[in-house]
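Q: Structure provided below as structure tokens; questions to follow.
The values are calculated or read from the model by the stated rules, or taken from the named source; none is laboratory data. Small disclaimer: the values here were computed from a predicted structure and weren't measured. Please note: Cβ atoms are built from the backbone with ideal geometry, for glycine as well, and neighbour counts cover all protein chains shown. Note: areas computed on protein heavy atoms with side chains; ligands, DNA, RNA excluded. Shrake-Rupley method; radii C 1.70, N 1.55, O 1.52, S 1.80 Å.
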Amino acid sequence: MTAKTYDAIVIGAGPGGSSCAALLAKKGMKVLLVEQNDRPGGKAMSVSNRGFVHELWPVTGGPRNNSRFESVLKALDLAPELADPEIYATLHYRNASGQYMPYVQPLPNSPRSQSLENLFRLLPWLELTPAEMEGFTQFAADNAALTPEDIDALDDISYHDYLTRYDIPQAVYSYMAAQCNVLFVVPFDQLAASEAVRTMQEMSTDGAGFYHMGGYGSLFQKYTDAFARLGGDVIMGSKVERILIEEGRVRGIETGEGSFHAPIVVSNAGIHPTVLKLAGETHFETDYIDYVKGLVPSLALMGIRYFLDEPVLEGAFHIAFSDNSYIDTKRAQRAAAGNVPEDLLIFVTIPSNYDPGLAPVGKQCLLVSTLCPPDPQMDNTQKWWDKIEEQVAQIWPEIPGHVESKERYGARHVSASTRDQVLPGIGGECIGLAQIVGQCGRHKPSPEAPIRGLFYVGCDAGGYGCGTHQAVTSGCNVADIVFGYHGESKG
């Protein structure tokens, strides 16, 4: 039987793969999309569970307005359906007395002209005087004025180094570090300043708190459904076993469903699994293999899904932090050595507080998480879960009495669902490649592999920004690159 031939094959229907495939189909290419799970979304998939609909762990995105999420929908002749919670977030800062002090934040879609006003509202919460806020105020004003060229020049310094040019009080530093830990999932003192500044600038202008009605998975299902309507072929629940390569060129893929031919393969499987497993090391130069093996992944998530018998928390998103809980290099190294932090950075998303239809009436699902090493084989996961439960009870003592059931997850669950482990100690990473100095801006891997016709899409190449939005940005950019390559190849 002759294998079916396509213009391009996309491996993986995560945010990057589903957006890229849909846009390629919109451009008139004949495309096959293959996904190992039974639904699209990758790390941001939504599941149905005893009447609840929820992501598997906390998922964030931004900017809220004028995003690539929205531009893809518009390109596919679809309208965005943004959730509009009255309370976007509640921030909990543990002060010097040991008490967690809450700060309620409305949906942050204010124009930039109000951003400094919003910062001053943090003064009493962080227990700062106006004089102590001056450094942060100057930082915010300077940050907003940076041009794209100014931001490009920040590729080689960390956001920590950039921030500490100013006279920043510890409480504000801890606040910024915790926010960036959640948005970028890397040690704060390694985060590339260019990546952070560009993303923060967009969110200052167009707001944060993006969430699609029906959950993130519903957004990527829309992309996939549109792809099918445009003539694309979709295979769900089929794992790609191998990318077929002959004479330095892509020829197609091999799956459990058989082989499929195409001169272009776009992989949303991650650069490590794509190069080291699906394509195979023998097809690349040694220098490139060494380069790929040296690329550093993001941290992972460890957490618990709590199913409550009644709504307990208001607000769609919660972050609880202290001066000792944000993750820097030293704290990440201690965690990788097997030490559970004494003070965790805890963050929570509540899908039904974005969209009430995502939970049974009178109930609530909390997706509680912290950052941990990306090793799927880490052997002290129970200690992490125990520590999470201890802190949840401390910060929100009303939660334990309303728990009907709970589900635990860690790096091995992330890896099993979304990213094969091909190197020791990594595979369970939350985002993909870490957005650290040396891997961002001009240092980010090229979306085009050394093998003719092989491309990467998702958080490992082609985009920038906060997790899911970085992946969709990559999907848009890589679709343009692939379409151009397709035209040149035909010509």
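Q: I'd like to know which of 262, 288, 214 lies farthest towards the positive end of the charge dipole of region 179-290, counting +1 on Cβ of Lys and Arg and -1 on Cβ of Asp and Glu.
A: So the residue furthest toward the plus end is 214.
Q: Compute the helix-to-body angle for 381-395: its Cα long axis versus the longest principal axis of the chain, expressed 0 to 90° and rounded to tens.
A: Result, in degrees: 40.
Q: If you build the convex hull over the alpha carbons only and average its shadow over all orientations, what do you get for region 282-412? Give it in nm² to one decimal. Let's see the in-between values first.
A: Details: hull surface 42.5 nm².
Over all viewing directions, region 282-412 projects a mean Cα-hull area of 10.6 nm².
Q: For the chain, what does the helix formula give at 222 nm: sum of -39500 (n - 2.57) over DSSP H segments with n ≥ 4, over the residue count, nearest 500 deg cm²/dmol?
A: Details: 15 runs with 159 residues, N = 491.
The helix contribution divided over the chain gives -9500 deg cm²/dmol.
Q: Can you give me the distance in nm between label points at residue 328 and residue 403, each placed 7 Å from the Cα along the Cα-to-Cβ direction?
A: 3.2
Q: Suppose the chain between residue 50 and residue 129 were pulled fully straight at 0.36 nm per residue; how much longer would it get relative to their current alpha carbon spacing?
A: Roughly 23.6 nm would be gained on extension.
Q: Still on this structure: Which of 177, 252, 230 sits farthest toward the positive end of the charge dipole of region 167-284, with +1 on the Cβ of Lys and Arg and -1 on the Cβ of Asp and Glu?
A: Projecting each Cα onto the dipole axis, the largest value belongs to 230.
Q: Here's something else I'd like to know. Could you state the number of Å between the C-alpha centres of region 397-444 and region 86-100?
A: 24
Q: Arrange the residues 334, 229, 452 by how much accessible surface each exposes, largest first, with a 1.4 angstrom probe.
A: 229, 334, 452
Q: I'd like the accessible area for residue 244, computed on protein heavy atoms only with a 1.4 Å probe and all protein chains in place. Round to 10 Å², please.
A: Roughly 30 Å² of residue 244 is accessible to a 1.4 Å probe.
Q: Moving on to the next point. Can you compute the radius of gyration and Dmax for the chain, using only the Cα atoms, both in Å?
A: Both quantities, over Cα of the chain: 22.0, 76 Å.
Q: Keeping all protein chains in the complex and leaving out DNA, RNA and ligands, what accessible area do you get for residue 38 with a 1.4 Å probe, in Å² to the nearest 10?
A: 110
Q: Full-extension gain between residue 84 and residue 247, please, as 0.36 nm times their residue separation minus the C-alpha to C-alpha distance. Walk me through the intermediate numbers first.
A: Values: separation 163, 0.36 × 163 = 58.68 nm, distance 5.25 nm.
Difference between extended and current length: 53.4 nm.
Q: Okay, moving on. Given labels modelled 7 Å from the Cα in the Cβ direction, how far is it in nm from residue 4 to residue 361?
A: 4.4
Q: With a 1.4 Å probe and all protein chains kept in place, how do 383, 444, 30 rank by accessible area, largest first?
A: Solvent-accessible surface, decreasing: 383, 30, 444.
Q: First compute the accessible area of the chain with a 1.4 Å probe, then give the percent of it belonging to carbon and sulfur atoms.
A: The C+S portion of the solvent-accessible surface of the chain is 49 percent.
Q: List, in order, the whole-Hz ³J(HN,Hα) value for each residue of region 166-177 obtained from phi through the Karplus relation with A = 6.51, B = -1.76, C = 1.60 and θ = phi - 60°; use x for Gly and Pro.
A: Per residue, the Karplus-derived 3J(HN,Hα) values read 10, 8, 9, x, 4, 4, 5, 4, 4, 4, 5, 5 Hz.
Q: Among 61, 29, 75, flag the residue with its Cα farthest along the positive direction of the charge dipole of region 26-102, charges on Cβ as +1 for Lys/Arg and -1 for Asp/Glu.
A: 29
Q: Another one. Keeping all protein chains in position, work out how much accessible area residue 68 exposes to a 1.4 Å probe, and write it in Å² to the nearest 10.
A: 80
Q: Just the number, please: Stokes-Einstein D of region 153-281 in µm²/s, Kirkwood Rh from C-alpha pairs, 25 °C, 0.890 mPa s.
A: 130
Q: Search the structure for amide H atoms under 5 Å from the amide H of residue 83, placed 1.01 Å from N in the peptide plane, and list their residues when 5 or more places away or on another chain.
A: Placed amide hydrogens put 211, 212, 213 under 5 Å from residue 83.
Q: About the Cα centre, and with charges only on the beta carbon of Lys, Arg (+1) and Asp, Glu (-1), how big is the dipole of the chain? Nearest 20 debye, please.
A: Dipole magnitude for the chain comes out near 1160 debye.
Q: Suppose all protein chains stay in the model; what accessible area per residue would a 1.4 Å probe give for the chain, in Å²?
A: 38
Q: Please arrange 245, 9 by accessible surface area, largest first, computed with a 1.4 Å probe and ligands excluded.
A: Result of the area sort, largest leading: 245, 9.
Q: Moving on to the next point. Quick one: which of 272-279, 46-53, 324-331 comes out on top by average Cβ neighbours within 10 Å, and what's the full order, highest first?
A: 272-279, 324-331, 46-53
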